[in-house]
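J.: Have a look at this one before I ask anything.
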Amino acid sequence: MSGHVVVAGAGITGAATALALTEAGFAVTLLDRAAAGSAVSGASLACLGTHMSSEIELPQLIWATRRWAEWDRRFAGAFHYRRCGQIRFIEHEADIPVAEHWIALERAAGLTPELLTRERLRRVEPALTGPLVAASWSPTDALVNPFLAVRCLISAAVAAGARFRSHCPVEAIDVAGGRVTGVVTPGGRIAADAVVVTGGPWTAELVAPLGVALPILPRKAQCLATIRQPVTIRGVVGGCKSDHGGVDAGYTQIQQSEAGQILFNTVLAGGLSEAGAQGHVPEVDRRFVLDSIDTLTRLFPALRAVELLRSWVRYEAVTPDDRFIVGPVGPAGLLVAAGDNGTGFCRAPVIGEVIAAALSGRPCAIDSAPYDPGRFPAAGAT
């Protein structure tokens, strides 16, 4: 296929998809209901990691992290790529075999994670002095500046011929004769040969009128930031996957920004919101604040007296199996790429490649099976 493709949603997934499609030879129009990266992409801590992320997606994650490193060289550091490494702390002896399983799995794939004793952990992350028994360490994981990364990829797509329109929401997708023909916006109709919806938690409601039922729900992505500190945390700090419940059953991420702020969150298991909640941005939850502060100060006792500066909330899109839904759905010419579960930055290059290959009819450079919409029958073609 060739022709004009509308990409609806200019977060990191939409930006990477627009760039991949433009470089594949398509005429591309990228639209967003607000500003580029203004939803969950702008609220992200933007970790690019393979460690303890997804066993089924490990080859795709490796491919994605290499592409990010290539983009860093290509764009001359424009989005502040930092290969800082990632620690997964272990609070229970019973979880050491869990870490060892992941380390063996990742080493077999050519990566270099290792298990750290408490003594070695202090050398890697000196301020991490809380009551830990061990930690896993992945030295190749990285961070990017989320705002700069979204804008960099969009600018590259525009330089290659794409058009970008902010504050231009897609209100409806037109279909005639069983095929997508364009989109309706407040400024008028835009004709298209294909439409790719990369709208995060708004994706399901946009495609529902076309008979496509996506099992995507919104979940609060909340974060806290301290006032500026001297360099205290070197890399990304998260919790080891655990069966012990509580905080370990959700996730923790702690890191320090280039500006010196400590950015952190702890999300308990569950926490899904009702469909449509993404349209309302509330304050952070009191329980979230208390749980996050408790985790931060338990792990980094030296930060007990640090003052909070700010907090923020956005909504990420969550699927039942914690993986993206990527590919054709519903009428011919309609594709979706949504369901990031808070992992959109790392996977964005993969998503762009899968969508570009699907529309070009060429072999995909990576296995797209983990993201197949067909695993959810109601998401298939009408």
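J.: Based on the Cα atoms of the range 45-88, what semi-axes does the equivalent ellipsoid have, where each is the square root of 5 times one gyration tensor eigenvalue, given in whole Å with the largest first?
T.: Semi-axes (√(5λ), whole Å): 20, 13, 7.
J.: Stokes-Einstein at 4 °C, 1.567 mPa s, Kirkwood radius from Cα pairs: D for the chain in µm² s⁻¹?
T.: 61 µm²/s
J.: Moving to a separate point now. Identify which of Q229, Q60, Q278 has the largest mean-square fluctuation in a Gaussian network model of the chain, with springs joining Cα atoms closer than 10 Å.
T.: The residue that fluctuates most here is Q229.
J.: Something else now. In square nanometres and to one decimal, what's the mean projected area of the convex hull around the Cα atoms of the range 101-140?
T.: Average projection, Cα convex hull of the range 101-140: 2.9 nm².
J.: Please list the radius of gyration and Dmax for the range 61-112, considering alpha-carbon atoms only, with Å as the unit.
T.: In order Rg, Dmax, the Cα atoms of the range 61-112 give 14.9, 44 Å.
J.: What distance in nm separates the two pseudo spin-label positions at E55 and A213, each 7 Å out from Cα along the beta-carbon direction?
T.: Label at E55, label at A213, 3.0 nm between them.
J.: Using alpha-carbon pairs under 8 Å, 6+ residues apart, how would you state the relative contact order of the chain in percent?
T.: 24 percent
J.: Run the simple label-point estimate for I227 and R73 please: 7 Å along Cα→C-beta, distance reported in nm.
T.: 4.3 nm
J.: Find the Rg to Rh ratio for the range 257-382, where Rh is the Kirkwood radius over alpha-carbon pairs and Rg uses the same atoms.
T.: 1.08
J.: To continue, here is another question. If you put +1 on each Lys and Arg Cβ and -1 on each Asp and Glu Cβ, how big is the dipole of the chain around its Cα centre, in Debye rounded to 20?
T.: It comes to approximately 940 debye.
J.: Also: Mean 1/r over all different Cα pairs, inverted: what Kirkwood radius does the range 89-237 give, in Å?
T.: For the range 89-237, inverting the mean 1/r across all distinct Cα pairs yields 20.6 Å.
J.: Rg (Å, one decimal) plus Dmax (Å, integer) for the alpha carbons of the range 1-102?
T.: Computed over the Cα atoms of the range 1-102, radius of gyration and Dmax are 17.5, 57 Å.
J.: While we're here: Might you report the magnitude of the Cβ-based charge dipole of the range 10-139 about its Cα centre, with Lys and Arg at +1 and Asp and Glu at -1, to the nearest 20 debye?
T.: Taking the Cα centre of the range 10-139 as origin, the dipole is about 460 debye.
Quick note: the coordinates plus some simple rules give every number you see, no bench work behind them. Quick caveat, the model's predicted, so the values are computed rather than measured. Don't worry about glycine lacking a Cβ; one is built from the backbone with ideal geometry, like all the others, and counts go over all protein chains shown.
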